[in-house]
1. Taking H placed 1.01 Å from N in the peptide plane, check which residues at least 5 places from Thr55 or on another chain put their amide H under 5 Å from its amide H.
2. Taking θ as phi - 60°, what are the ³J(HN,Hα) couplings along the range 3-18 by the Karplus curve (6.51, -1.76, 1.60), each to the nearest whole Hz, with x for Gly and Pro?
3. If neighbour count is taken as other Cβ atoms inside 10 Å, put Asp33, Asp57 in order from fewest to most.
4. Would you calculate, for the chain, the mean residue ellipticity at 222 nm contributed by helices, counting each DSSP H stretch of 4 or more residues as -39,500 (n - 2.57) and dividing by all residues, to the nearest 500?
5. Could you give the length gained on full extension between Leu15 and Lys52, defined as 0.36 nm per residue of separation minus the Cα-Cα distance, in nm?
6. When Lys and Arg each count +1 and Asp and Glu each count -1, what net charge do the other residues less than 14 Å away from Trp49, Cβ to Cβ, add up to?
7. Mind listing which chymotrypsin sites (Phe, Trp or Tyr not before Pro) in the range 29-59 are in a DSSP loop and have 15 or fewer other Cβ atoms within 10 Å?
8. Could you work out the relative contact order of the chain? I mean the mean sequence separation of Cα pairs under 8 Å and 6+ apart, divided by the number of residues, in percent.
Amino acid sequence: MKNINKIIIILATFLFLPCASYYGFLFVNYNYDIHFLQIDACQNEGGKWNQKSQTCDWP
């Protein structure tokens with residue numbers, strides 16, 4: 001039973017670290033802006049993020 005707990009902890013760690021690293025990278029990449037997920041989604045769809053109004057502008 002102890003081995004199963006160790007395996008679960010190891011798997012959870014290796015699943016959590018890549019996710020945390022990815023979102024941490026995005027947070028740092030967008031100058032520590034808390035709207036980084038909205039900025040990323042806006043740019044992925046072809047829009048331009050307006051920093052002043054915190055909205056997505058479309059061309």
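1. For Thr55, whose amide H was placed from the backbone, the distant partners under 5 Å are Asn50.
2. In residue order, the calculated couplings are 5, 5, 4, 5, 5, 4, 5, 5, 5, 4, 5, 6, 8, 6, 4, x Hz.
3. With the sparsest Cβ surroundings first, the list reads Asp57, Asp33.
4. Rounded to the nearest 500, it is -21500 deg cm²/dmol.
5. Here the segment from Leu15 to Lys52 would lengthen by 9.7 nm.
6. My count for the surroundings of Trp49 gives -2.
7. Of the chymotrypsin sites (Phe, Trp or Tyr not before Pro), the ones in loops of the range 29-59 whose Cβ has at most 15 other Cβ atoms within 10 Å are Tyr32.
8. The value is 15 percent.
Here, each number is a calculation from the coordinates, and none is a lab measurement. Keep in mind the model is a prediction, meaning the values are calculated, not measured. All Cβ positions, glycine included, derive from the backbone under ideal geometry; neighbour counts span all protein chains shown.
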